[in-house]
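Following: one structure in C-alpha cells, then a few remarks.
The values are calculated or read from the model by the stated rules, or taken from the named source; none is laboratory data. All figures in this text were calculated on a predicted structure; none of them were measured in a lab. Ideal geometry is used to build each Cβ from the backbone, glycine not excepted, and the neighbour counts take in all protein chains shown. Ligands, DNA and RNA are stripped out before the accessible areas are found, and what is left, the full protein with its side chains, is counted by its heavy atoms. Shrake-Rupley method; radii C 1.70, N 1.55, O 1.52, S 1.80 Å.
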Amino acid sequence: MPELYLHNTLSRQKELFRPIDTNHVQMYVCGPTVYDFAHIGNARPVVVFDTLYRFLKRHYPRVTYVRNFTDVDDKIMARSRESGEDIASITARTTAAYLEDMGALNALEPDIQPRATQYITQMIALSQTLIDKGHAYAVEGHVLFHVPSMPNYGALSRRSRDELIAGARVDVAPYKKDPADFVLWKPSTPEQVGWDSPWGRGRPGWHIECSAMAKDTLGTTFDIHGGGLDLIFPHHENEIAQSRCAHDGAPLANYWLHNGFLTINNDKMSKSLGNFVTVRDLRGQYTGEVIRLTLLSGHYRQPLDFSDMALQSAKAALDKWYGALRNAGAIPDPHLGIPAAIEDALADDLNTPQVISHLHDLATRMNRASDTHEKAALASELTHGAQTIGLLFHDAETWFKQGSADGLSEAEIEAQIAARLAARKARDFAASDRIRDQLAQQGVILEDGPTGTSWKRG
Ligand code: AMP
Ligand code: ZN
C-alpha cells in the first residue's frame, strides 16, 4: 500500500500514518446535533471522512469508524419549546433524515453510531473519575472541569492562557473557580430533560458526551479523531482534557484531522448566520453524486466556496465521465485495479482535487482511444479510480436518465414519448412538437434515430 500521510492538527504537519494496531484502525468523528436538517456544510466532514474511511478499508484488514449523534443539547431543548414537538420525536425524525441524506451522498454508514442519551451512565462515571482525580469539582448542581489542573491544556488549539481567559470572560458564572473552567454536568429544572446523578438531576455538557462515547466504543486511545475546523476549540480541546486527565495522561487520539469550512460568499455556512442550504433541499435540484463531487472538488483542509457554478461544474464533470463510459461501450475489466496515481494522491493527505484531475485525464484519453482493449482498460481505471472517492457507482445509462429528484420520472417521460409518437402517426405535428418542447423545458432532450426515440436529461 502507499504510505499514508495525514495532516495532524496537533503538530500542524503532515505525518506518516502509523496505526496503533496495523490489523485494526480506529477512527472517531464528531457527528451532528439532531434538531434540524443537515446543511451542506455539515455534509462536508461526512463526505471527507467517508473518503478516508474507504481508503483505510482498502488497505487495512479491519477499520472501526464511530460517529455519534448528539441527541441531548440545549439547541434541541429550545427547538422543542418553540415547536411543541417532544424531544424524542425531534431527534428520531432528524436522525432518520440525516442518515437518508448522507446515504444519498453515497457516504457509508459508520460501524458504530452511538447516541449520547444511551451513554449517560458512562458520562456520570467519567465526571466522577475527574472529581476523584482532582481535575473537576461539583458546585451548585454543576460539575466543572478545572482547567488549571491540566498543565498542557490548550496544546491542540495552541491558545495561550490569556486567550483562554479573554474568550471566557464574558459572563463568567460566579461559581467557577477559574474563568476557563468548563461544564461536565449541569442541573436541569423539573420541566427540562434530565437524569439523576450524584449532583442532583441534570444533563451532560457537550464535550463529555464525546469523551464517554469514544472511550466506550474505541477504548482509551485510538488512531484518528476528526471533525470540522470549528471543533478544535473548545470541543476537541476539552475532549482531550477530560480523557487525558481521566486516563492518567494517555492520549485520546494520535491524529487529529479537521476539515475546512464550506463558505458562501466567503462566510462560513451556518445555521446562526442563516446562509445555509440543506442537503434535503439541494437534493431536489441535484443528484447526491453531484453534491458529493462538489464537496470533494477542493482539498479538505481549504475553505470551499459553495455556489451554483461549483455544482454545475461537478455535474458537467460527471456527465463527461459517464459520457466517456457510455460512448466507449466497453465493459470495465474487473481484474484491473485502481490506478496507482489515484491511490498516491489520496495517500498524500487525501488530495481529492488531484484525483479529480486524473479522472478528467482518463476520460479524455478514453474519448480519443480507438483500440477496444485500450478503451476497456481506461474504462476500468476511470470507474475504479472514481469509486475510491465514492463516485461512478451507477451505470452510464442510468446516470443520463436519473436527472434531478424533482424531475419527471422515467415512466412519465416514456408516456410523453408514446403520446408524441401517436401524434406523429396521426400527422398532428403541432402536438408532437409541443410535447417535445414541453419535455425540453423540463430538461428532457429527445433524440430521434433509426430505431426510435431515445432521451436524456439535459
Ligand atoms: P454541528 O451539528 O453544528 O455540531 O456540526 C456537525 C459537523 O459539521 C461538525 O464536524 C462541524 O465542524 C461541521 N460543520 C459545521 N458547519 C460547517 C461548515 N460551514 N463547513 C464545514 N464543516 C462544518
Ligand atoms: Zn465530539
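Counting only the Cα atoms, the range 1-126 fills a convex hull of 143 Å³ per residue.
Based on the Stokes-Einstein relation at 25 °C and a viscosity of 0.890 mPa s, and on the Kirkwood radius from alpha carbon pairs, the range 121-197 is assigned a translational diffusion coefficient of 180 µm²/s. The stretch between E82 and E374, if pulled fully straight at 0.36 nm per residue, gains 98.9 nm over its current Cα-Cα span. For the chain, the solvent-accessible area of protein heavy atoms averages 45 Å² per residue (probe radius 1.4 Å; ligands and nucleic acids excluded). Within the shell of other residues whose beta carbon sits under 10 angstrom from the beta carbon of A328, the net charge comes to +1, with Lys and Arg scored +1 and Asp and Glu -1. The order of the peptides 344-357, 285-298 by mean Cβ neighbours within 10 Å, most packed first, is 285-298, 344-357. Phi angles across the range 185-193 convert, under the Karplus curve 6.51 cos²θ - 1.76 cosθ + 1.60 with θ = phi - 60°, into 3J(HN,Hα) values of 8, 9, x, 10, 6, x, 7, 7, 5 Hz, Gly and Pro given as x. Taking all protein chains in place and a 1.4 Å probe, what share, in percent, of the accessible surface of the range 221-276 do carbon and sulfur account for? Of all accessible area on the range 221-276, carbon and sulfur atoms account for 50 percent. Considering helices alone, the calculated mean residue ellipticity of the chain at 222 nm is -14000 deg cm²/dmol, with DSSP H runs of length four and up weighted by -39500 (n - 2.57) and normalised per residue.
List the trypsin sites (Lys or Arg not before Pro) within the range 351-458 that fall in a DSSP loop (any state other than H, G, I, E or B) and whose Cβ has at most 12 other Cβ atoms within 10 Å. The qualifying sites are R427.
Among DSSP beta bridges whose residues both lie in the chain, state the antiparallel percentage, nearest 5. Approximately 55 percent, going by the DSSP bridge assignments. The H on the amide N of E15, modeled in the peptide plane, is under 5 Å from the matching H of L6, H7, N8, each at least 5 residues off or on a different chain.
If you add up the charges near T189, with Lys and Arg at +1 and Asp and Glu at -1, over every other residue whose beta carbon is less than 14 angstrom from its beta carbon, what do you get? With Lys, Arg at +1 and Asp, Glu at -1, the neighbours total +1.
Where both partners of a DSSP beta bridge lie in the range 184-279, what percent of those bridges are antiparallel, to the nearest 5? Expressed as a percentage, antiparallel bridges in the range 184-279 total about 50.
Along its three principal directions, the equivalent ellipsoid of the range 74-157 from the Cα gyration tensor extends over semi-axes of 33, 20, 13 Å, largest first.
For the set K75/K401; K271/K401; K133/K271; K133/K176; K268/K315; K14/K268, the pairs lying more than 30 angstrom apart at their alpha carbons are K75/K401; K271/K401; K133/K271. For the chain, the average shadow cast by the Cα convex hull is 25.8 nm², which is a quarter of the hull's surface.
Overall, the ratio between the Cα radius of gyration of the range 204-353 and 2.2 N^0.38 Å, rounded to two decimals, is 1.35.
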